[in-house]
1. Taking the Cα centre as origin and putting +1 on Lys and Arg beta-carbons and -1 on Asp and Glu beta-carbons, what dipole magnitude results for the chain, to the nearest 20 debye?
2. Using packing as a proxy for protection, rank 162-168, 95-101, 179-185, 84-90 so that the peptide with the highest average count of other Cβ atoms within 10 Å comes first.
3. Given contacts defined as C-alpha pairs under 8 Å and at least six residues apart, what's the relative contact order of the chain, whole-number percent?
4. Carbon and sulfur atoms: what percent of the 1.4 Å accessible area of the stretch 127-207 do they account for?
5. Which of 171, 56, 155 moves most in a GNM of the chain, Cα contacts under 10 Å?
6. Give me the one-decimal nm value for the distance between modelled label points at residue 78 and residue 178, 7 Å along each residue's Cα-to-Cβ direction.
7. According to the square roots a ≥ b ≥ c of the eigenvalues of the Cα gyration tensor, what is the shape class of the stretch 56-189, taking rounded for a/c under 1.5, prolate for a/b larger than b/c otherwise, and oblate for the remainder?
8. Rounded to whole Å, give me the distance from the Cα center of the stretch 185-204 to that of the stretch 2-56.
Amino acid sequence: MKNIAVLVSGGGTNLQALIDAEKSGIIKDGKITCVISSKEGAYALERAKNNGIKGITLPRSEYSDVAAYTAAIVDTLKAENADIVVYAGFMTILDEQIVKAFPYKMVNVHPALIPSFCGKGFYGLHVHEEVLKRGVKLTGATVHFVTEVCDGGPIILQKGVEVKKGDTPEILQRRVMEEAEWKILPEAVSLLCQDRITVRDDVAYID
């Protein structure tokens with residue numbers, strides 16, 4: 001049974017999807033053992049508390065730079081015996097220390113079909129604003145391994161979502177969450193817990 005640590009910064013909707021997936025048996029061979037927030041008072045911590053999961057707050061503002069903050073996160077993850085780390089709306093940049101500590105053990109969900117609309121500056125509503133601005137007909141979500149390159153790690157799963165006439169960024173964001181993010185993130189975490197993903201030449205393969 002793998003210990004899953006979830007990194008959060010806000011409301012924790014993806015965290016809730018993971019909690020629900022664990023309870024329903026979608027996540028196999030894994031258990032969410034702690035939730036770490038980069039912000040005080042994040043509602044994700046309330047979700048953790050309501051489900052009997054340990055919540056830890058490590059405010060980014062209390063650390064002088066990225067290196068110091070990353071070191072604190074890594075130390076905490078190791079102290080919690082984390083096997084797998086999930087970025088679930090974690091809006092804080094970490095450096096290569098964490099990648100070296102958990103190689104191919106960290107996943108992130110991105111609200112677009114990578115390599116489109118990804119990288120620096122593409123997060124949250126900004127992604128959906130750009131999708132609508134470009135007139136894209138199909139968007140979606142991607143679960144990928146976290147590496148030193150922002151949104152550049154090997155892709156594990158993707159799911160397409162239709163862009164509809166009259167969509168606003170907020171409406172599209174919600175549809176992408178419901179139809180893609182909340183489905184493929186738990187699925188990818190389960191695959192990782194079952195040791196069913198291998199990476200060769202920077203490409204992830206599901207066994």
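1. Computed charge dipole of the chain: roughly 440 debye.
2. In decreasing order of mean packing, 162-168, 95-101, 179-185, 84-90 become 84-90, 179-185, 95-101, 162-168.
3. 21 percent
4. Numbers: 2010 of 4150 Å².
Accessible surface attributable to carbon and sulfur in the stretch 127-207 totals 48 percent.
5. Judging by the Gaussian network model, the answer is 171.
6. 4.4 nm
7. prolate
8. The two parts, judged by their Cα centres, are 20 Å apart.
The values are calculated or read from the model by the stated rules, or taken from the named source; none is laboratory data. Only a predicted model underlies this, so the values are computations on that prediction, with no experimental measurement involved. So basically every Cβ, Gly included, is an ideal-geometry build from the backbone, and we count neighbours across all protein chains shown. Only protein heavy atoms, including side chains, enter the accessible area calculation; ligands, DNA and RNA are left aside. Shrake-Rupley method; radii C 1.70, N 1.55, O 1.52, S 1.80 Å.
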